[in-house]
Structure formats: structure tokens, C-alpha cells
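I have placed the structure first, in the form of C-alpha cells, so that the comments after it can refer back to it.
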Amino acid sequence: MSSSRGQFSSKTGFILAASGSAVGLGNIWGFPTNAAENGGGAFVLIYFVLAFFLAYPALMAELIIGRHTKSNMVSALQQISTGKKAKRIGKYTGLYGVIIATLILSFYSIIAGWMLAFLLEPLLTITGFPEISAWLTAFGNTRNIIFSAVFMLLTTAVVSAGVEEGIEKWSCRLMPSMLLLMACLIAYVMFQEGAIAGLKVYLLPDFRQIGDPQLIASAMGQAFFSLSLGVGTMLIYGSYLRPDENLPTMGAIVTLVDSSIAFLAGLLVLPALFVAQENGVTIYNAAGNLIAGPDLIFQTLPALFHDMGTIGIPVGLVFFSLMTIAALTSSISMLEVPVSYTIENHGASRSLATWLIGVIIFSSSTLIALNFDALFTVVVTLTTEYSQPLLGLMLCIFATWVWHRDMILTEIRSGHPQVEQSLFWKIWPGYVRYCCPALIILMFIQNVVG
Ligand code: PHE
């Protein structure tokens, strides 16, 4: 079976694809705005702790299950279960993951479509099409639907080309370009008037907020979303990894890249916000809080680019290209979840599965776009705040309560022969068995009650 499946051709290919999945709008938009809303440096600190002590162990569970079973989440959880009942629960958990990945992509493609529209806006302004340009930046059903369709087309085209020729190839092209664009923007923004005030808000921790349940819940949600956990993306990417790769190291690199890029994004977005203030743009809302959410990206920052004059055009262009690229490397990993399930469990060809599911997701995006006020926030909350942590919990349980410890050891050993003597093996199994579920449950209850 494994020979007919795709496989990442190299270590770098896997690292760039998995980091590409992890690094997305969640990092460049979600992380800085969450930090701005939740005590700046205090949030950054708690986020890093949770990323390494909660999300990394859960990521390892997905990678190990994926590489061992060489299949999608639905079959994988059945394969590692022994009893009939466990197999059935595994199947439904996997299907739940597939549905949630599909729903996440349905709202993600709408936001990514906005990024594309804002990317085109300056080009149309300078080429003399101000009406189209105004249409591109105004909220409207037609714009939302057309651009989510374009973004889904790009996503589908990459995934239909396969693991090596599509996902890996494009991740290897897009990730370095994204980093380069980001480095240029940070360098530019840092030298502008006002940037240092933003840096202070971002980096100086307000320690009174450190134990705030709201801060901890946001940091956990952010960590799960950012590392693409729970929905089987990392599991399926793990299943395309060669047996001789060292899993704990791969997982650690991906976690490190993901958190570092989130951190870097904070160095861009918060200083930019205060540069905007220096230019006369309002950055606090009526309640006296920093503008976060969509208004930050689609009003405050474009207002800044506009006020910058001619230089604002390339700066805006680079910023929205960065956003679009980050979104694309994540969306391809989301689409791979239902696609791999359809190929492996229903015998469809890759191109049929990809285009069919692409159309289904686009229909669901259209439904959300047409009922935006009623559906958008509900879908985001349901998928990212509730389902992702719950699915993460199920994966930890499957890896350490349902599956055999010896099998896990054998799996990791194939790429890391001395794993038994490593610190990883001394801590991870017990940690994922007891601590991760307890922490997730605790924070989940906190979130629901709160
Ligand atoms: N990690 C992506 C981001 O930060 C989002 C994502 C969630 C990707 C779930 C895949 C699966 O934007």
C-alpha cells in the first residue's frame, strides 16, 4: 500500500510542508492580535510554554500514529485499536476530524480570499481602475464568493498534483518566499516612527495577566490552531514521512519554526499598528482596546499603507502576498485531509477526489459567505475553540491508552535507534497519557464555563 501512496522526498520537504501547514493566518494575524488583546508579553510567554509543553507532545502523537499506519486519520485510529468498540470510536473520531478540517477550510478560504482581493487592490489603483479597486476592498457577497473560489482553485490545483509534485514542491517554493517577504517588511517597519511603542506593548509582559483564565484559554486555542492539531493534517503529513526520519526531532523543528514565525509576525504587526497611529490612524476602539480582529488587517493596516504614499503600494503588496502565501501552504494541508480519506477509503483517483472535495468546500464557503453574520463566528468557534482541543484530546488518548507502548517505541526507533535512552522517551509517554489530557480537559472546561 505504501508504495502507491505519496511520500515526501526529503527531510527538508517534510519540514517545509509541515511548517507550511502550521504557519498560516493563525500565526501572522491570530498570534499578534491575541497577544495585543491579552497582555502582550504575558501572552507570548504562556503561548511558548503551551506550544512546547502541550502542543508539541500532541503533535508527536499525530506524527507517530500517521507514520506507523501510513494512512488517513479514519483508518489510522482503527488500525491502532484492538477491540471492536475502540475501532468504532476510532472511525468516528477520524470522521469527525475530516469534517472539522473541511469546515475549517470553508471559513479559511473566505478570509484567504480577502487577502487576495487586498493584494490586487493597489495594482488596480495604480493601473487606473479605482472603481474595481474600491469593490475589492468593500465587504460584499460577490467579492467574498469570487475570491474564495479563486483561492480554492489555487489550493485544489496544488493538492491535485500529489504529495511530492504538489504539496512538497509548492511548500518548498512558497515558504522561503514568505520568510523573505516577512524579513523585508519587519526591517522596513522597525525604522518607522512609532515602531518602538508597538514593540513595548508586544514584548513587555503585564505579569498581572499571566494567570488570567481568558489568556490561558486563548493561548491554548492559538497553539492548537497554529500547529494544525486534532484534525489529522499532521497525521497525514506524518504518514508521508520516510521510516528513517527522526520523528521527535522533526516535530521539534516544526514546533520551533511555527512559534518563531508567530513571534516574528508580532514584530511586524504590532509595531506597524503604532506606526499607523503615528500617521494619524486610530488604533484603539471605543472601549479603549487595541483594534484587533478583521479591522486591524483590513482597515488599520491598509489605512497605514495608504498614508505612506507611493512606498505604501509595494509595502501593501508585499504584506498581502505574505498573507496569501501563508494561507495557501496551510489550506493545502487542510484539503489533503478529506482528499486522502476519499482516495484511500473510497478508491477515488487523486484528481477526482481533489476536485470533488474542492467543489464541496467551495459550496460550504458560499453558504457561510451568504449567511455571514449567522454562520461565520459559529463555525470558527465550533471548529477551532471546541473541536480542535477535543480531537487533540482523543488523539492523545488513542496514542497512549488504546495503542501499545511497544509499538510506539518500535515506530520511533526506526528513525532514532537510541530513543529508549533519550529524554524524550523518559517523559513523553507518561506525559501524553496523563498530563496532556488533564490539561486539555481543564482548559476546555474553563473555556466552556468562561
Ligand atoms: N495552522 C494554520 C494557521 O496557523 C491553520 C490550520 C488549522 C491548518 C488546522 C491546518 C489545520 O493558520
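Given charges of +1 on the Cβ of Lys and Arg and -1 on the Cβ of Asp and Glu, with all other atoms neutral, how large is the dipole of the chain about its Cα centre, in debye to the nearest 20?
The dipole of the chain has a size of about 1460 debye.
Please report, in whole Å, how far the alpha carbons of the chain spread along each principal axis, starting with the longest.
63, 51, 40
Eigenvalues of the Cα gyration tensor times 5, then square-rooted: what semi-axes does that give for segment 311-392, in whole angstrom, largest first?
In descending order, the three semi-axes are 27, 20, 14 Å.
When N is the residue count of segment 38-182, what does its C-alpha Rg come to as a fraction of 2.2 N^0.38 Å?
So the Cα radius of gyration is 1.41 times the expected 2.2 N^0.38 Å.
If packing is taken as the average number of other Cβ atoms within 10 Å across a peptide's residues, how do 41-49, 182-190 rank, most packed first?
41-49, 182-190
For segment 394-408, what does the Karplus curve 6.51 cos²θ - 1.76 cosθ + 1.60, with θ = phi - 60°, yield as ³J(HN,Hα) per residue in whole Hz, taken in order and with x for Gly and Pro?
4, 5, 5, 5, 4, 5, 10, 9, 8, 7, 8, 4, 5, 5, 5
Quick check: at a probe of 1.4 Å, how many percent of the accessible area of the chain sits on carbon and sulfur atoms?
Carbon plus sulfur share of accessible area: 67 percent.
Among the listed pairs K70/K426; K91/K426; K84/K426; K70/K169, give every one whose C-alpha distance is greater than 23 Å.
Among K70/K426; K91/K426; K84/K426; K70/K169, the Cα-Cα distance tops 23 Å for K70/K426; K91/K426; K84/K426.
Quick check: Cα centre of segment 83-147 to Cα centre of segment 404-427, how many Å?
39 Å
Could you provide, to the nearest whole Å², the per residue accessible area of the chain with probe 1.4 Å?
39 Å²
Please report Rg (one decimal) and Dmax (integer) in Å for the Cα set of segment 4-71.
15.4, 50
Starting from the Cα-Cα distance between K11 and Q446, subtract it from 0.36 nm times their residue separation and give me the gain in nm to one decimal.
Length difference between fully extended and current span is 152.7 nm.
Please identify, among S239, S349, S340, the residue showing maximal mean-square fluctuation in a Gaussian network model of the chain using a 10 angstrom Cα cutoff.
For the chain, modelled as a Gaussian network with Cα springs under 10 Å, the answer is S349.
What residue among H346, H306, H68 has the largest mean-square fluctuation in a Gaussian network model of the chain, using Cα springs under 10 Å?
Of the options given, H346 has the highest mean-square fluctuation.
Using the Kirkwood radius over C-alpha pairs as Rh, can you work out the diffusion coefficient of segment 383-450 via Stokes-Einstein at 25 °C, viscosity 0.890 mPa s, in µm² per second?
186 µm²/s
Helix-derived [θ] at 222 nm for the chain: sum -39500 (n - 2.57) over DSSP H runs of at least 4, divide by residue count, nearest 500?
Helices in the chain give a 222 nm mean residue ellipticity of -23000 deg cm²/dmol.
How would you rank 282-289, 60-67, highest first, on the average number of other Cβ atoms within 10 Å across their residues?
Taking the mean over residues of other Cβ atoms within 10 Å, the ranking is 60-67, 282-289.
The values are calculated or read from the model by the stated rules, or taken from the named source; none is laboratory data. None of these values were measured; they are calculated from a predicted model. Note: ideal-geometry Cβ built from the backbone for every residue, glycine included; neighbour counts use all protein chains shown. Heavy atoms of the whole protein, side chains included, go into the accessibility calculation; ligands, DNA and RNA do not. Shrake-Rupley method; radii C 1.70, N 1.55, O 1.52, S 1.80 Å.
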